[in-house]
Structures are given as C-alpha cells and as structure tokens.
1. Which residues, counting only those in region 102-118, are in contact (Cβ under 8 Å) with a residue 60 or more places away in the chain and within 11 Å of residue 283 (Cβ to Cβ)?
2. Take the residues of region 46-71 that are touching a helix residue (DSSP H, G or I) at 6+ places or on another chain (Cβ under 8 Å) and assigned to a helix (DSSP H, G or I): which is surrounded by the most Cβ atoms within 10 Å (Cβ to Cβ)?
3. Kindly check whether there is at least one residue in region 87-100 that is closer than 25 Å to residue 200 by Cα, part of a helix (DSSP H, G or I) and in contact with a strand residue (DSSP E or B) (Cβ under 8 Å, 6 or more places away or on another chain).
4. Going by what's in this entry, would residue 276 be described as modelled with pLDDT of 95 or more and not assigned by TED's automatic domain parsing to the domain that holds residue 198?
5. Check residue 154 against each of (1) more than 19 Å from the chain's Cα centre (by Cα); (2) surrounded by fewer than 18 Cβ atoms within 10 Å (Cβ to Cβ); (3) more than 14 Å from residue 288 (Cβ to Cβ) and name the one condition it does not meet.
6. Restricting attention to region 265-273, does a residue exist that is within 24 Å of residue 139 (Cα to Cα) and either outside any loop (DSSP other than H, G, I, E, B) or at pLDDT 95 or above (or both)?
7. If you go through region 167-193 one residue at a time, how many are under 21 Å from residue 153 (Cα atoms) and more than 19 Å from the chain's Cα centre (by Cα)?
8. Please state which of the following conditions residue 115 fails to meet, knowing it meets all the rest: (1) under 23 Å from residue 17 (Cβ atoms); (2) within 15 Å of the chain's Cα centre (by Cα); (3) at pLDDT 95 or above.
C-alpha cells in the first residue's frame with residue numbers, strides 16, 4: 001500500500017484546509033468529504049472533485065484513515081466509531097472535551113492497534129522543530145500567543161482555544177512532571193476568559209510562562225527558551241517561522257539567525273500521520289500527548305474561571 005484512503009470529517013474553517021491538504025499529499029487517496037452541513041460539504045467536495053457524504057458512519061468500509069475537524073464536542077463520538085472499526089484517526093485539538101473521554105480513546109486505539117494522532121499543529125512548525133533539536137536543558141520558557149477578536153471559538157475560553165498549543169510545546173521540550181501552576185485570567189468581551197496567564201513549574205526546575213489573549217491589537221505567536229546547560233537563548237517567531245540564537249561572547253551579546261526551511265505545517269502534520277500508517281512508526285503527537293495538554297489546560301481554565309490563583313501537585 002502506497003496511498004492511504006482518507007476522508008475529512010467536518011468542513012468548517014479548519015476542515016476546509018484539511019481537504020486542501022488531503023487533495024495534494026502523495027501518500028493520500030482522498031476518498032470523500034463528510035459534513036452534516038450539506039451546502040458546505042458539497043461545496044468543498046466539488047472543489048476537490050470527491051464525493052460528499054452527510055453521515056460519517058456510511059464511509060466505514062471505504063477508508064483506512066480519517067481526519068476529524070468538527071467542533072470539539074463531537075470529537076469523542078466520531079473518533080470512537082472509527083477506532084472501534086479499526087480505522088486510523090487524526091483528531092484536531094483538543095483531543096476531546098473531557099479528560100476521561102481522551103483516556104478511553106487512547107485505550108481503544110491501543111486495543112485495536114490503530115494510529116491515534118492529535119492535531120497540535122505547532123509541533124510541525126519548523127521554527128519549533130529546529131529549536132527543539134538544539135535545546136538541551138530548557139531552564140525558562142516564555143510563550144506569547146495573541147490574536148485580535150474574531151468571534152470564532154467563543155464556545156470555549158482562550159485557554160482551551162489558544163494556550164493548549166503552548167502547553168503542548170512546553171511538554172514537548174520538557175517531559176518532567178508538573179510541580180505547581182499559578183494562573184490569572186480575565187473576561188473582556190465574552191462570558192468566558194479572554195486573557196490569561198499561567199506559570200507552569202516543572203519538577204526539572206524549568207519554569208514556563210504562558211500568555212494568551214484573543215482581544216489583542218495584533219497577532220503574535222512567539223516562543224522564547226533559555227537553555228540552562230548552554231547559557232543560550234532561543235527566540236522563535238512561530239508566525240513567520242523564524243528562529244534566532246543569542247549568547248554572550250567576549251562580554252557582548254551575539255544575535256545569530258538560524259536558517260529555517262519554510263513548509264506548510266498542516267501538510268507536514270497530516271503527511272506525518274499518513275506516513276506513520278504506511279511505515280508502522282509511532283505518530284509524532286500521540287493521544288497521550290493530547291491528553292496531557294488537555295488535562296493541564298483544563299486545570300488552568302478552571303482556575304481562571306474560579307479565580308483560584310495557585311495549585312500544587
């Protein structure tokens with residue numbers, strides 16, 4: 001098998017991008033588009049010259065894998081159906097709404113021996129992957145993720161919408177257990193937290209400061225990491241996929257740009273998922289990774305909502 005028969009479930013804002021990628025990947029046979037919204041589903045299906053199906057259950061015998069880009073509330077039921085039927089699943093972040101749902105998907109995927117990958121797309125940002133290759137001992141991490149208000153994703157707070165990306169990046173850089181979390185959050189234009197700050201202290205001694213806002217004046221996606229072993233500071237512009245390294249030499253600060261290959265992150269993410277099926281290797285972002293990001297992001301979300309500032313583990 002050189003191509004994986006794949007369908008996209010959900011053709012909203014993100015699902016439309018999934019369809020575009022599935023139509024061009026060499027390791028993919030794009031089988032169909034699935035959506036409960038017939039008008040939108042037919043529009044996307046026609047755009048890429050594939051069939052449209054309204055009920056995801058109807059394609060169970062036609063696919064090897066699916067990518068799920070529906071609203072999060074539907075992730076569990078759809079992913080469970082395909083996993084139970086031995087079909088590989090890439091599900092957008094957050095993996096599920098509830099932690100126990102994620103645990104059940106992980107258990108089912110292991111039992112059925114199918115791939116379960118979570119769509120934490122920043123893991124495939126080349127500025128991050130190059131940074132991760134070079135950092136030996138993260139000592140301090142600072143992430144800023146700001147967006148102007150768009151009116152999208154207001155069914156969840158900014159923590160579950162935006163901070164979950166950076167929580168996952170922190171755990172990708174340092175896999176030691178969480179020691180304590182300090183949180184501050186504020187509602188501005190919605191009835192949920194729109195601005196939030198979290199300081200995550202890890203058992204390794206690393207401290208991560210995560211700042212998010214969906215009511216900012218301009219968009220920013222930045223990650224800064226100080227390597228305690230090398231006394232080196234890395235600064236990544238995740239928006240523009242740029243990376244630089246800063247260090248002292250002869251008592252002067254040296255600012256050294258690091259070349260980063262530009263590539264489509266979603267193509268890299270979905271391509272990696274399909275390659276893992278073809279080769280049998282592990283997925284880049286596992287269900288367990290998605291669960292850990294969800295678990296601590298939900299803790300931060302609940303702390304921000306309740307006004308609780310400090311939690312120790």
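1. 109, 115, 116, 117, 118
2. Only one residue fits best here, namely 56.
3. No: region 87-100 contains no residue that is closer than 25 Å to residue 200 by Cα, part of a helix (DSSP H, G or I) and in contact with a strand residue (DSSP E or B) (Cβ under 8 Å, 6 or more places away or on another chain).
4. For residue 276, the condition - modelled with pLDDT of 95 or more and not assigned by TED's automatic domain parsing to the domain that holds residue 198 - is met.
5. (1)
6. Within region 265-273 (the criterion being within 24 Å of residue 139 (Cα to Cα) and either outside any loop (DSSP other than H, G, I, E, B) or at pLDDT 95 or above (or both)), the answer is no, since none of the residues qualifies.
7. Final tally of qualifying residues: 10.
8. Result: residue 115 passes all but (2).
The values are calculated or read from the model by the stated rules, or taken from the named source; none is laboratory data. Computed from a prediction, not measured in an experiment: that's the story for all the values here. Using ideal geometry, Cβ is built from the backbone for each residue, glycine included, and neighbour counts are taken over all protein chains shown.
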